[in-house]
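Heads up: the structure comes next, in structure tokens.
The values are calculated or read from the model by the stated rules, or taken from the named source; none is laboratory data. The structure displayed is predicted, hence computed values, not measured ones. With ideal geometry, Cβ positions are generated from the backbone for all residues, glycine too; neighbour counts draw on all protein chains shown.
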């Protein structure tokens, strides 16, 4: 499973974004966690959406009004194409992504 981490704002509040590709399931995923570590959103809440398609992730990010680092979703899509796993990347608002784990 790949995980791409970023800080964003949702409804004026800071949130942590975790998006990635689960190669075992063949699905993309999205989680939004608030500063108290409460899960505000998880793609598991919407199993009828086609999470095998990166367009679903892009649409959900747009629907929620999340402003993410430009390369984040593109890198998640690349993980899906490569069926990448054991990869954790921190995306910064004003700099290049930092790979924390590459497996």
- [ ] Within region 77-92, count every residue that is crowded, with 18+ Cβ neighbours inside 10 Å, out of contact with any helix residue (DSSP H, G or I) (no Cβ under 7 Å at 6 or more places or on another chain) and in a helix (DSSP H, G or I).
- [x] 1
Open item on the list: When you scan region 32-45, do you find a residue that is closer than 17 Å to residue 91 by Cα, modelled with pLDDT of 95 or more, under 12 Å from the mean Cα position of the chain (by Cα) and crowded, with 20+ Cβ neighbours inside 10 Å, even just one?
Closed with: yes
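Out of the residues in region 51-65 that are under 16 Å from residue 11 (Cβ atoms) and part of a helix (DSSP H, G or I), state the one that is nearest to the chain's Cα centre (by Cα).
Residues of region 51-65 that are under 16 Å from residue 11 (Cβ atoms), as a first pass: 60-65.
Within this subset, residues satisfying the condition of being part of a helix (DSSP H, G or I) are 60-64.
Details: 60: 10, 61: 9, 62: 13, 63: 14, 64: 13 Å.
Among residues in region 51-65 that are under 16 Å from residue 11 (Cβ atoms) and part of a helix (DSSP H, G or I), the one nearest to the chain's Cα centre (by Cα) is 61.
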- [ ] With the condition kept exactly as written, say whether any residue in region 93-103 is at negative phi, surrounded by 14 or more Cβ atoms within 10 Å (Cβ to Cβ) and modelled with pLDDT of 95 or more.
- [x] no
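Report, by residue number, each residue of region 29-45 that is in contact (Cβ under 8 Å) with a residue 12 or more places away in the chain and outside any strand (DSSP E or B).
The initial filter retains those residues of region 29-45 that are in contact (Cβ under 8 Å) with a residue 12 or more places away in the chain, namely 29-35, 40-44.
35, 43, 44 - these are the residues of region 29-45 that are in contact (Cβ under 8 Å) with a residue 12 or more places away in the chain and outside any strand (DSSP E or B).
Listed here are the residues, each with its yes/no results for (1) closer than 18 Å to residue 100 by Cβ; (2) modelled with pLDDT under 95.
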site	(1), (2)
9	no, yes
17	yes, no
51	no, no
60	no, no
Open item on the list: Could you check region 1-19 and list, in sequence order, the residues that are touching a helix residue (DSSP H, G or I) at 6+ places or on another chain (Cβ under 7 Å) and farther than 17 Å from residue 80 by Cβ?
Closed with: 6, 10
Open item on the list: Is it the case, given these coordinates, that residue 48 is over 14 Å from residue 19 (Cβ atoms), without any contact (Cβ under 8 Å) to a residue 40 or more places away in the chain, out of contact with any helix residue (DSSP H, G or I) (no Cβ under 6 Å at 6 or more places or on another chain) and assigned to a loop (DSSP other than H, G, I, E, B)?
Closed with: yes
- [ ] Could you list, in sequence order, all residues of region 56-65 that are surrounded by 12 or more Cβ atoms within 10 Å (Cβ to Cβ), out of contact with any helix residue (DSSP H, G or I) (no Cβ under 7 Å at 6 or more places or on another chain) and free of Cβ contacts under 8 Å to residues at least 24 places away in the same chain?
- [x] 59
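Can you confirm whether region 20-28 contains a residue that is loosely packed, with under 14 Cβ neighbours inside 10 Å, assigned to a strand (DSSP E or B) and out of contact with any helix residue (DSSP H, G or I) (no Cβ under 6 Å at 6 or more places or on another chain)?
Going residue by residue through region 20-28, those that are loosely packed, with under 14 Cβ neighbours inside 10 Å are 24-26.
Checking which are assigned to a strand (DSSP E or B) leaves us with none.
Looking for residues that are loosely packed, with under 14 Cβ neighbours inside 10 Å, assigned to a strand (DSSP E or B) and out of contact with any helix residue (DSSP H, G or I) (no Cβ under 6 Å at 6 or more places or on another chain), one finds none in region 20-28, hence no.
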